[in-house]
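Q: Before I ask anything, here is the structure I am working with.
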Amino acid sequence: QVQLVESGGGLVQAGGSLRLSCTTSGSISSFRAMGWYRQTPGKQRELVAAVSRGGITNYADSVKGRFTISRDNARNTVYLQMDSLTPEDTGVYYCNAKIGTMDYWGQGTQVTVSS
């Protein structure tokens, strides 16, 4: 059973930055992909950014140019650098790991952007 632990959420003013971290108990270099999802009340969890085992990245249109996903295989950690934050970025951010046909999730970290 792979465990994912997120950190780095918090309260920030609009225009500010945060960096989320997700550290896993497994070797991320063997994972098919890792990503960050966001959930807000009344809405489905949505993909924010993902990076494949081969290093290909994918971003939601709403965060392109502002967020950057990266990974450190040696630390088994994936990061999400979030810049130019807006109140619409507020939500619970979940780390996801795709291993074979399975999905693993972290417990989530709250990001709140004040206007």
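Only the coordinates and a few stated rules stand behind these numbers; no lab work does. It should be emphasised that the depicted structure is a prediction, and the values quoted were computed from it without experimental measurement. All Cβ positions, glycine included, derive from the backbone under ideal geometry; neighbour counts span all protein chains shown.
Q: Where is the GNM fluctuation largest for the chain (alpha-carbon springs, 10 angstrom cutoff): Ile28, Ile99, Ile69?
A: Comparing Ile28, Ile99, Ile69 in the GNM, the peak value goes to Ile99.
Q: Taking the chain as a Gaussian network, Cα atoms linked when under 10 Å apart, which of Gly35, Gly54, Gly16 shows the biggest mean-square fluctuation?
A: In the Gaussian network model the winner is Gly54.
Q: Given the options Ala74, Ala49, Ala97, which has the most mean-square fluctuation in a GNM of the chain, springs set between C-alpha atoms less than 10 angstrom apart?
A: It is Ala74.
Q: Along the positive direction of the dipole of the chain (beta-carbon charges: Lys, Arg +1; Asp, Glu -1; about the Cα centre), which of Asn76, Gly54, Tyr94 reaches farthest?
A: Farthest towards the positive end: Gly54.
Q: Using alpha carbon centroids, what distance separates the stretch 70-115 and the stretch 27-68, in Å?
A: About 7 Å separates the Cα centre of the stretch 70-115 from the one of the stretch 27-68.
Q: Assuming R0 = 22 Å, can you tell me the calculated FRET efficiency for the pair Arg19 and Met102, based on Cβ-Cβ distance, to the nearest 0.05? Walk me through the numbers on the way to the answer.
A: Numbers: r = 27 Å, r/R0 = 1.22.
E between Arg19 and Met102, to the nearest 0.05, is 0.25.
Q: What is the projected area of the convex hull of the Cα atoms of the chain, averaged over all directions, in nm²?
A: Projected area, direction-averaged: 6.7 nm².
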